[in-house]
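For reference, the structure is listed below as structure tokens.
What follows is calculated from the coordinates using simple rules that are stated; it is not laboratory data. Bear in mind the structure is a predicted one, so any value in this text is a computation, not a measurement. Virtual Cβ from ideal backbone geometry, glycine too; neighbours counted across all protein chains shown.
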Amino acid sequence: MDRFILASASPRRRLLMENLGLVFQVIPPAIEENWDFNDLPPDLVMRLARDKARSVSLEHEKATILAADTIVVKDGHILGKPHNFHEACNMLSQLSGSEHVVITGICLLNRASDLELVEYETTKVFFRELSSQEIVRYVSSGEPFDKAGGYGIQGRGALLVSGIEGCYYNVVGLPLAKLQTMLKSVGISLL
């Protein structure tokens, strides 16, 4: 395989890739995420993932680049990453005692071989009823601030979740089964 680049600043995506045994370089994309709330959520995450991959590919044309973007959707409203304590508490209050959807867009791109695959994965997540004290304590931990929807299922945020339908790794930020299918379709096998 040619050089492989993960176009992401996410430590969770990096760890998932390392756990797969992939040899790769991390180059966070230097772009401003352009959110168009007129986009349907799957279209938004696929476009953002594509934009990230394309921005990194400009200086790395021969590399295979993987980029992803994850959002949370609750009652048709897109929840990104909270910017402050109040916003994080608000997000978790909205999610408390209900279900929401996590959507991740993935882009595999290699300019030299004219490869551009873009797909998405959806997972339903169910939150238990949260008290205001639990929300404040969780937000005070600092964990919510770099995560879509304001929680991390792989950390303390697991205590907020009562169940999921679909890919756990999608909620973490990189749906591994979908990634394997995409890589296999271009002749790269992880097994």
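Values as computed for the structure displayed
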{"item": "Given (1) within 15 Å of the chain's Cα centre (by Cα); (2) among the basic types (K, R); (3) farther than 27 Å from L6 by Cα, number of the condition R128 does not satisfy", "result": "(1)"}
{"item": "Which numbered condition S131 misses (of (1) without any contact (Cβ under 8 Å) to a residue 24 or more places away in the chain; (2) among the hydroxyl-bearing types (S, T, Y); (3) in contact with a helix residue (DSSP H, G or I) (Cβ under 7 Å, 6 or more places away or on another chain))", "result": "(3)"}
{"item": "Residues within the range 155-174 that are of a type in the set (S, T, N, Q) and outside any strand (DSSP E or B), tallied", "result": "1"}
{"item": "Residue check, K184 part of a helix (DSSP H, G or I) and out of contact with any strand residue (DSSP E or B) (no Cβ under 9 Å at 6 or more places or on another chain)", "result": "yes"}
{"item": "Residues located in the range 59-95, provided they are free of Cβ contacts under 8 Å to residues at least 40 places away in the same chain and under 28 Å from V186 (Cβ atoms)", "result": "E59, D69"}
{"item": "Tally, over the range 81-138, of residues that are loosely packed, with under 15 Cβ neighbours inside 10 Å and among the acidic types (D, E)", "result": "2"}
{"item": "Selected residue (criterion: surrounded by the fewest Cβ atoms within 10 Å (Cβ to Cβ)) from residues of the range 167-180 that are touching a residue at least 60 places away in the same chain (Cβ under 8 Å) and in contact with a strand residue (DSSP E or B) (Cβ under 8 Å, 6 or more places away or on another chain)", "result": "K178"}
{"item": "Qualifying residue in the range 135-154 (condition: in contact (Cβ under 8 Å) with a residue 12 or more places away in the chain, in contact with a strand residue (DSSP E or B) (Cβ under 9 Å, 6 or more places away or on another chain), closer than 30 Å to S185 by Cα and assigned to a strand (DSSP E or B))", "result": "no"}
{"item": "Residue satisfying condition, being closer than 16 Å to K178 by Cβ and out of contact with any Cys (no Cβ under 7 Å at 6 or more places or on another chain), within set L40, L16", "result": "L16"}
{"item": "Condition check for S98: under 30 Å from L190 (Cα atoms) and of a type in the set (S, T, Y)", "result": "no"}
